[in-house]
Amino acid sequence: MSDRIPLGEIRNHIGKRVKVQGFVDTIRDSRAMLFIVLKDITGKVQITLEKEQKPEAAAAMEGVTGDSVITVSGVVAENSYVKMGGIEILPEEIRVESIADPLPIARKEIPATKKKKAVERSGIDQRIDYRWIDLRTDENQFMFQVQTAFVNAMRQYLLNENFVEIHTPKLIGAASESGADVFEVKYFDRNAYLAQSPQFYKQMAMAAGLERIFEVGPVFRAEKSFTSRHTTEFTGFDLEFSYIDSFHDVMKLEENLLKAGLECIQDKYGEQIEEMFGIPVRVPGTPFPVISLKTLYEELEKDFGYTVDESEKGDLTTEAERLSFEWVKKHYDHEFLFVTDFDASKRAFYHMRDENGVPQGYDLIWRGVEITTGAQREHRHEILKRQAEEKGLAEDVKFYLEFFKYGCPPHGGFGLGVDRLTMLLLGLTIKEAMFIFRGPGRLNP
Ligand code: AMO
């Protein structure tokens, strides 16, 4: 066991000798003193080195650059002059573990000083080229803590509701959503596809009698989209459950799930998110507002003069999505909006339809961006087969149709994009919100 003390716990060790390790955040060199700010994942602390008194430590720091990794042994002291929490470490020994070359990116804008010109922040694509360096910022590291807490709170919610977690294959023999947008990969002497969704296997679990399942896993989409919210590989939070009466049961579960997630986030990180990202965390009231697609278009025209061609009204346009946030704020003082009654031609073949052919599903829009598609599924084999045939998919999904031939409960579920949740919660783009973004032009690092 290492005797290393995390910097966030340093306050518990005042007067004691400790060993700390981390990245050099900043170095300020004056004639007699060296002030190093050391950073690890738990916090930062100032190392105050009197060069004449500790010549060996001073020699070790010779030529050490920002972002180098060092080990410091020294005594924790209180000092009200120290800006960083009134605490410093007076080093006795410093060991340099790894020297950083000059950084190839500027993670943040550096304001001009008397001696130096201002440095502009590198663009996001350049920063992703060196993502591991970019991820060292306080904001980026915090982002993963927030995402972890969000997903964990939702997972916990489902466990309390007796859901089980499953892990479905990502290498599959047929496209899972539509024939388009699927990555084909070589699989020995034949072709396989990367799963566009765990959809078929979530439903297989219903046919298997598991009743309540969820999965958090990778989802692949061969879409050539260049937007602030599309990526070719993302993390899906998917669930499915049986014996529902209608898709309204699915919406209810989702609003409670998101409420539980956001309650946890507000409680744990609300203040810090507002401080660092300038965005308040709001715990949504339930039930969330619901509107049919047709009414939404009418309302957007009335409120914002927004019109689209009749041919586009079976689906939600990107602009309508964005405006729906303005609309729901104004009429409900809410950030979420369920949109229902899409046109069957725009929805997946496995959505159940009512007697008028209207798909029994919804999209959920948060802060003007779609975060979920959900639905009651068609579980009656003959009807499902017909709907697959209509979309020209019957051959591809033959194996899936088998799931419904030997008894299957009525069921429904949804898919929630984790990266979109993080991005919207913190006011970022998807490139900024992902550990490493994947897009049509990006497979590295
Ligand atoms: P859908 O295709 O709408 O539905 O995907 C579900 C959710 O996944 C996220 N998402 C994306 N995130 C980033 N980049 C993308 N390219 C991308 N595409 C989708 C969104 C979206 O709402 N099988 C259905 C779900 C279901 O009915 O259970 C499905 O995959 O947040």
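Regarding the stretch 319-335, can at least one residue be identified that is under 20 Å from ARG420 (Cβ atoms), away from the ligand (no atom under 15 Å from the Cβ) and β-branched (Val, Ile, Thr)? For the stretch 319-335, residues under 20 Å from ARG420 (Cβ atoms), away from the ligand (no atom under 15 Å from the Cβ) and β-branched (Val, Ile, Thr): present. A single entry from VAL283, VAL219, VAL182, VAL290 fulfils the requirement of being more than 16 Å from the ligand (Cβ to nearest atom) and in contact with a strand residue (DSSP E or B) (Cβ under 7 Å, 6 or more places away or on another chain): VAL290.
A search for C-beta distances below 6 Å between a residue of the stretch 54-78 that is part of a loop (DSSP other than H, G, I, E, B) and any residue that is buried (at least 17 other Cβ atoms within 10 Å of the Cβ), counting only pairs 6+ apart in sequence or on different chains, returns GLY66/VAL24; ASP67/PHE23; SER68/VAL24. Being more than 9 Å from the ligand (Cβ to nearest atom), without any contact (Cβ under 8 Å) to a residue 60 or more places away in the chain and more than 14 Å from ALA207 (Cα to Cα) is the filter here, so list the residues in the stretch 367-383 that pass it. Hits for the stretch 367-383 are ARG367, GLY368, GLU382, ILE383.
Each row is one residue, and each column tells you yes or no for (1) of a type in the set (Val, Ile, Thr); (2) part of a loop (DSSP other than H, G, I, E, B); (3) free of Cβ contacts under 8 Å to residues at least 60 places away in the same chain; (4) in contact with a Cys (Cβ under 7 Å, 6 or more places away or on another chain).
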{"position": "ILE291", "(1), (2), (3), (4)": "yes, no, yes, no"}
{"position": "ASP315", "(1), (2), (3), (4)": "no, yes, yes, no"}
{"position": "ARG322", "(1), (2), (3), (4)": "no, no, yes, no"}
{"position": "LEU337", "(1), (2), (3), (4)": "no, no, yes, no"}
{"position": "SER345", "(1), (2), (3), (4)": "no, no, yes, no"}
{"position": "ALA348", "(1), (2), (3), (4)": "no, yes, no, no"}
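Of the residues making up the stretch 222-231, not a single one is crowded, with 20+ Cβ neighbours inside 10 Å, in contact with a strand residue (DSSP E or B) (Cβ under 7 Å, 6 or more places away or on another chain) and over 17 Å from ARG420 (Cβ atoms). Only one entry in GLY236, GLY209, GLY261, GLY270 is within 17 Å of the chain's Cα centre (by Cα) and away from the ligand (no atom under 15 Å from the Cβ), namely GLY270. Just one of VAL283, VAL290 is at negative phi and touching a Lys or Arg at 6+ places or on another chain (Cβ under 9 Å); which is it? The match here is VAL283. Just one residue in the set TYR306, TYR297, TYR269 is surrounded by 14 or more Cβ atoms within 10 Å (Cβ to Cβ), assigned to a loop (DSSP other than H, G, I, E, B) and in contact with a Phe, Trp or Tyr (Cβ under 9 Å, 6 or more places away or on another chain); that residue is TYR306.
Each reported figure results from applying straightforward, stated rules to the coordinates on display, with no laboratory input. All values reported here derive from a predicted model rather than from experimental measurement. Cβ coordinates were reconstructed from backbone atoms using ideal geometry, including for glycine residues, and neighbour counts include every protein chain displayed.
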